[in-house]
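Visitor: I have a structure here, written as structure tokens, and I will follow up with some questions on it.
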Amino acid sequence: EPEVTQTPSHQVTQMGQEVILRCVPISNHLYFYWYRQILGQKVEFLVSFYNNEISEKSEIFDDQFSVERPDGSNFTLKIRSTKLEDSAMYFCASSRLGSEGGQFFGPGTRLTVL
Amino acid sequence: RKEVEQDPGPFNVPEGATVAFNCTYSNSASQSFFWYRQDCRKEPKLLMSVYSSGNEDGRFTAQLNRASQYISLLIRDSKLSDSATYLCVAISGNTPLVFGKGTRLSVIA
């Protein structure tokens, strides 16, 4: 069964450093998403991406964040200058039909900012 | 603004028990409904969509009550592996998923 994959599984970085989290969505999916979950809290939406552009973003997704689909398979989330409060689990999700068809999540990248 | 509200639990049930969760949603225009499960420190996994007429998938039954704006999930013959947090989602159109904190279920041997 096809699945969303993410790398790395765990990323440790120093405050102020840039990180890039990578995702490979399910191959025939057209909608891509990033979510994050701070330990002990709920899953929060960051950004959605369709047709090579951001379709929606939350207030969390500020100028420090960017997304890119550099080729036909990868979908990346970049955090330009990490802060301590960026420490969280970051989940990529994809969907064939948009949210109405259900979204499928990757296993996540645990980001630890020291 | 809470899109959905669920009893956080935990629900502690013995193996073989039947357990039901309810979830109320605030947006009456919601059209698509889902149940996800999330194991500790893992990703949410789509358990099932919820259809207007109700639907069943093995031991799991989902129901929608539009008049009262709630969805429910019934788990029959609970297994230890059902222990997880169950998250409901209600969306209108192609909007991002908004999760609550979910309902925690512990199935005990």
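Values quoted throughout were computed directly from the atomic coordinates according to the rules given, and no laboratory measurement underlies them. Just so we're clear, the structure is a prediction, and the values are computed from it rather than from any experiment. Every residue, glycine as well, gets a Cβ built from its backbone with ideal geometry; the counts of neighbours run over all protein chains shown.
Visitor: Based on Cα coordinates alone, diagonalise the gyration tensor for segment B:63-104, multiply each eigenvalue by 5, take square roots, and list the semi-axes in whole Å, largest first. Walk me through the intermediate numbers first.
Guide: Working: eigenvalues 105, 44, 13 Å².
Computed over segment B:63-104, the values are 23, 15, 8 Å.
Visitor: Here's something else I'd like to know. Using Cα pairs closer than 8 Å and at least 6 residues apart in sequence, work out the relative contact order for chain B, in percent.
Guide: Over chain B, the number comes to 38 percent.
Visitor: Would you tell me the mean number of C-beta atoms belonging to other protein chains that fall within 10 Å of each C-beta in A:39-47, as a whole number?
Guide: 4
Visitor: State log₁₀ I(q)/I(0) for chain A at q = 0.12, 0.21 Å⁻¹ as given by the Debye formula over alpha-carbon point scatterers of equal weight, solvent excluded.
Guide: -0.37, -1.16
Visitor: I've got another one for you. In nm, to one decimal, how far is the modelled label at residue A:5 from the one at residue A:27, with both set 7 Å along Cα→Cβ?
Guide: Placing both labels 7 Å along Cα→Cβ, they lie 1.2 nm apart.
Visitor: For residue A:15, what is the net charge nearby, where nearby means another residue's Cβ is under 13 Å from its Cβ and Lys, Arg count +1, Asp, Glu -1?
Guide: -1
Visitor: For segment B:7-52 and segment B:59-109, write down the distance between their C-alpha centroids in whole Å.
Guide: 1
Visitor: Distance from a point 7 Å along Cα→Cβ of residue B:41 to each backbone N in segment A:1-31: keep the residues under 18 Å and list them by number.
Guide: From segment A:1-31, the list is A:6-13.
Visitor: Counting other C-beta atoms within 10 Å, and keeping those with at most 13, which DSSP coil chymotrypsin sites (Phe, Trp or Tyr not before Pro) do you find in segment B:1-76?
Guide: Counting only loop positions with at most 13 other Cβ atoms within 10 Å, the chymotrypsin sites (Phe, Trp or Tyr not before Pro) in segment B:1-76 are B:51.
Visitor: May I ask you to compute the full-extension gain from residue A:80 to residue A:52, defined as 0.36 nm times their residue separation minus their alpha-carbon distance, rounded to one decimal in nm?
Guide: On the way: separation 28, 0.36 × 28 = 10.08 nm, distance 2.03 nm.
8.1 nm is the gain from fully extending residue A:80 to residue A:52.
Visitor: For residue B:39, what is the net charge nearby, where nearby means another residue's Cβ is under 13 Å from its Cβ and Lys, Arg count +1, Asp, Glu -1?
Guide: Counting the neighbours of residue B:39, the net charge comes to +3.
Visitor: Could you work out the local net charge near residue A:49, counting Lys and Arg as +1, Asp and Glu as -1, over the other residues with Cβ closer than 11 Å to its Cβ? Intermediate results must be reported in sequence, preceding the final value.
Guide: Details: positive: A:57, A:69; negative: A:53, A:56, A:68.
My count for the surroundings of residue A:49 gives -1.
Visitor: Which aspartates and glutamates, if any, have their Cα less than 16 Å from the Cα of residue A:42, not counting same-chain residues under 8 positions apart?
Guide: List returned: A:59, A:85, A:86, B:3, B:5, B:7, B:39, B:43.
Visitor: Can you tell me, using C-alpha contacts under 8 Å and at least 6 residues apart, the relative contact order of chain A as a whole percent? List each step's numbers first, then the result.
Guide: On the way: 277 pairs, mean separation 43.8, N = 114.
Here the relative contact order equals 38 percent.
Visitor: Then there's this: Quick check: convex hull over the Cα atoms of segment B:32-109, volume per residue in Å³, rounded to an integer? Could you put the intermediate results ahead of the total?
Guide: Numbers: hull volume 7.8 nm³, N = 78.
For segment B:32-109, the hull spanned by Cα atoms encloses 100 Å³ per residue.
Visitor: Right, something else. Let's test the formula: R0 of 22 Å, r as the Cβ-Cβ distance of residue B:53 and residue B:22. What FRET efficiency results, to the nearest 0.05?
Guide: Rounded to the nearest 0.05, the efficiency is 0.75.
Visitor: Right, here's the next one. If N is the number of residues in the protein assembly as shown, what value comes out of its Cα radius of gyration divided by 2.2 N^0.38 Å? Working shown, then result.
Guide: On the way: Rg = 17.7 Å, N = 223, 2.2 N^0.38 = 17.2 Å.
After normalising by residue count via 2.2 N^0.38 Å, the value is 1.03.
Visitor: Treating cross-link reach as a plain straight distance, find the lysines whose alpha-carbon is under 21 Å from the alpha-carbon of residue B:79, omitting any fewer than eight places away in the same chain.
Guide: Within the straight-line cut-off, residue B:79 pairs with B:42, B:45.
Visitor: Related question: Run the simple label-point estimate for residue B:66 and residue A:69 please: 7 Å along Cα→C-beta, distance reported in nm.
Guide: Once both label points are built, they end up 3.2 nm from each other.
Visitor: By a straight-distance test (C-alpha under 14 Å), which aspartates and glutamates pair with residue A:57 as possible cross-link partners, with residues fewer than eight away in the same chain excluded?
Guide: Partners found: A:44, A:68.
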